[in-house]
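Reviewing the structure listed below.
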Amino acid sequence: MSLPDELQRIFDADRALRRAEKALLRKKRSDALVSLLEAETNHALTMEDRIEGTIRLERLADLCAQVPGPAMADALIAILNDGEPRVRVAAGEALRDVGYERYAEVARAIERALDRGESGVAMSELPWVLAEIAEPSALPLIRRFLDHSSADVIAAAIEAISQLGEPDAAEHLERFVDDARTVTIEDFEDETKTTLGELAKDALGELGYPRSD
């Protein structure tokens, strides 16, 4: 097959994908579609073939974001908990996009995850999602992550609060300034070890409070 023919196959596949997605989402308010996406998400998360699972989860993140309702917001958080960074990026962007349009769905799904005591990697991602959406009620919800048992989750919450830049948050960070628990902070491709205390002091500095070393 010639190169032009191979390229045409890609164009045809893209066109077929758009048509199939449009047909599927015509029934986006149906219980049957919600149940199907839930089941397929659970299946993809547990597939032994992680390459296939990754492909499916990236697509499912996009589809779940386009279907309203609490079940789909819960599914996106489940996808955000996957071990593959590409999948988490897709789920995080999908949650952010849903949050801009239907914030209550995302906020309530996060509240449910906190109420269940979830402890996966998603719990370190969700404070950032909330900080990016930056709704007025984001700060009280991010504060709940400060009570999590995982130091990594607390670290994410501290940094997300710093990003929000709300001085009222200072009182909630002060209790961590002497916390010696060690966490690893990822910055692009670099990793830095620090303590919750150092993170809290830096965050307080960002909020206009001088460090008290």
If you average the sequence gap of Cα pairs under 8 Å that are 6 or more apart and divide by the length of the chain, what percent do you get for the contact order?
-> 11
Please go through segment 116-158 and write out the trypsin sites (Lys or Arg not before Pro) that DSSP classes as loop and that have at most 12 other C-beta atoms within 10 Å.
-> Arg116
For Arg59 and Glu166, FRET efficiency with R0 = 30 Å and r from the beta-carbon atoms, rounded to 0.05?
-> 0.25
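Provide the FRET efficiency to the nearest 0.05 for the Leu36-Ala180 pair, computing r from the beta carbons and using R0 = 41 Å. Working shown, then result.
Working: r = 48 Å, r/R0 = 1.17.
About 0.30, to the nearest 0.05.
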Once the piece of chain linking Val121 and Glu206 is laid out straight, how much longer is it, given 0.36 nm per residue of separation minus the C-alpha distance between them?
-> 28.0 nm
Express in nm, to one decimal, how much length is gained between Tyr103 and Ser149 on full extension, taking 0.36 nm for each residue of separation and deducting their alpha carbon distance.
-> 14.0 nm
Kindly provide the GluC sites (Glu not before Pro) of segment 126-182 that DSSP labels as loop, not H, G, I, E or B, and whose Cβ sees at most 12 other Cβ atoms within 10 Å.
-> none
At most 11 other Cβ within 10 Å, DSSP loop - GluC sites (Glu not before Pro), segment 45-88 | Glu48
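All of the numbers you see were taken from the coordinates with simple rules; none came from a lab. Owing to the predicted nature of the structure, the values given are computational and were not obtained by experimental measurement. Neighbour counts are summed over all protein chains in view; Cβ atoms, including those assigned to glycine, are modelled from backbone coordinates with ideal geometry.
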